[in-house]
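The next block holds one structure in the form of structure tokens; read it before the comments.
The values are calculated or read from the model by the stated rules, or taken from the named source; none is laboratory data. All figures in this text were calculated on a predicted structure; none of them were measured in a lab. All Cβ positions, even for glycine, are placed from backbone atoms using ideal geometry, and neighbour counts span all protein chains on display. Surface accessibility is based on the protein's heavy atoms, side chains included, excluding ligands, DNA and RNA. Shrake-Rupley method; radii C 1.70, N 1.55, O 1.52, S 1.80 Å.
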Amino acid sequence: MIVRAGAVGRDRRRSELREFLMSRRARVSPADVGLPDGGARRRTPGLRREEVAVLAGVGASWYQWLEQGRDISVSPQVLDSVARVLRLSNAERRHLYVLAGLNPPAPEVEPAKRDMCEGLRRLIDTWMPYPAHIMDRYYNCVMYNDAAATVLGMRPGTTWNCIVDFFTDPLYRARARSWEENARTVVAQFRATCAANPDDEGFQQVLADLKEASAQFAALWEERDIEDAGQIRKELDHPLVGLLSLESTALKVPARPDLTIVLHTPLDEANSAAKLEWLASPEGRRGAMYPVAG
């Protein structure tokens, strides 16, 4: 007998859907949703299927078929109602969509995860002596380490928006040897992000600011190139140590989908690692205290 791989995957997904819904239903007590608990006569842990159906506004048979993993038609609205009744977290709600065969909704930040910034600060500080910074979804700089200030020129007084500064900060432009070739990639990645969030006015505002601030950005934007975020090679001319060859890598933390961590790693060329270590040393820090051209 020949078993198609797609059929096996579908059967596994339906089995997981059944077990997942049963386990989430068992977590919610009748009292949690304002129902009488039934006392000692109640044998079902958590909610009964019929109770979930009533609270979600769906038919009892339909919900039973959903939990059994049958091949039925589901909609995002109905799944959201079930998720609300079962008190699913955002991650669990997305998992429910996947198991039901729908595209999951955009990730959201759980309230309990909003205090991760201290841990992320420790991460980028531990990345020293290499530059690292963190951006929000609109490319606004949330935090940066000392090496990002020394090497990339991040400092108070700039716009604090990384893509705007890429095109308008004279200090960064003076240091970036690879600016011309990287500009096209930066714009292509920004277009991909905007395209994924067509209804987000925040992106439209950043786009308007960029077009007004930089004719070079506006020209590249009209070329309509698209590229996923990943790694960018950067060559910088630092006034104290000369050429630095770096590779920047954009990383996402699933628990904080609103943030992007950008880590810069030295490449083998130009003895970059040793130069970055020197810039972070007491001697290098003293040198950076005095004005230097560039």
ask   = Just wondering, is there one or more residues in the stretch 241-259 that are over 20 Å from C141 (Cα atoms), in contact with a strand residue (DSSP E or B) (Cβ under 9 Å, 6 or more places away or on another chain), touching a residue at least 40 places away in the same chain (Cβ under 8 Å) and crowded, with 17+ Cβ neighbours inside 10 Å?
value = yes
task = Determine which single condition A149 fails, assuming it passes every other condition in (1) modelled with pLDDT of 90 or more; (2) under 29 Å from S29 (Cα atoms); (3) of a type in the set (G, A, S); (4) surrounded by fewer than 17 Cβ atoms within 10 Å (Cβ to Cβ).
result = (2)
ask   = Take the residues of the stretch 116-131 that are touching a residue at least 24 places away in the same chain (Cβ under 8 Å) and in contact with a strand residue (DSSP E or B) (Cβ under 8 Å, 6 or more places away or on another chain): which is surrounded by the most Cβ atoms within 10 Å (Cβ to Cβ)?
value = P131
query = Inside the stretch 217-238, can you point out the residues that are within 30 Å of L279 (Cα to Cα) and either in contact (Cβ under 8 Å) with a residue 60 or more places away in the chain or open to solvent by 70 Å² or more (accessible area, probe 1.4 Å) (or both)?
reply = A229, Q231, R233, L236, D237, H238
ask   = Looking only at helices (runs of 4 or more DSSP H) that fall completely inside the stretch 83-188, which ones have 2 or more residues that are over 19 Å from L243 (Cα atoms) and touching a Ser or Thr at 6+ places or on another chain (Cβ under 8 Å)?
value = 162-168
query = Scanning the stretch 157-196 for residues that are in contact (Cβ under 8 Å) with a residue 12 or more places away in the chain and among the polar types (S, T, N, Q), which turns out surrounded by the fewest Cβ atoms within 10 Å (Cβ to Cβ)?
reply = S178
remark   = Counting only residues that are in a helix (DSSP H, G or I) and either open to solvent by less than 50 Å² (accessible area, probe 1.4 Å) or at pLDDT below 90 (or both), the stretch 270-289 contains a total of 13
remark   = Of (1) assigned to a helix (DSSP H, G or I); (2) open to solvent by less than 70 Å² (accessible area, probe 1.4 Å); (3) in contact (Cβ under 8 Å) with a residue 12 or more places away in the chain; (4) of a type outside the set (F, W, Y), G9 fails just (3)
ask   = Which of the residues spanning the stretch 132-146 are open to solvent by 30 Å² or more (accessible area, probe 1.4 Å) and over 23 Å from A208 (Cα atoms)?
value = Y144, D146
inquiry  = I'd like to know if the stretch 200-216 contains one or more residues that are touching a residue at least 24 places away in the same chain (Cβ under 8 Å), within 23 Å of I124 (Cβ to Cβ) and crowded, with 18+ Cβ neighbours inside 10 Å.
reply    = yes
query = Identify, please: which residue in the stretch 69-82 is in a loop (DSSP other than H, G, I, E, B) and surrounded by 14 or more Cβ atoms within 10 Å (Cβ to Cβ) and is, among those, nearest to the chain's Cα centre (by Cα)?
reply = V74
The stretch 18-61, residues that are open to solvent by less than 40 Å² (accessible area, probe 1.4 Å), at pLDDT below 90 and in a helix (DSSP H, G or I) = P30
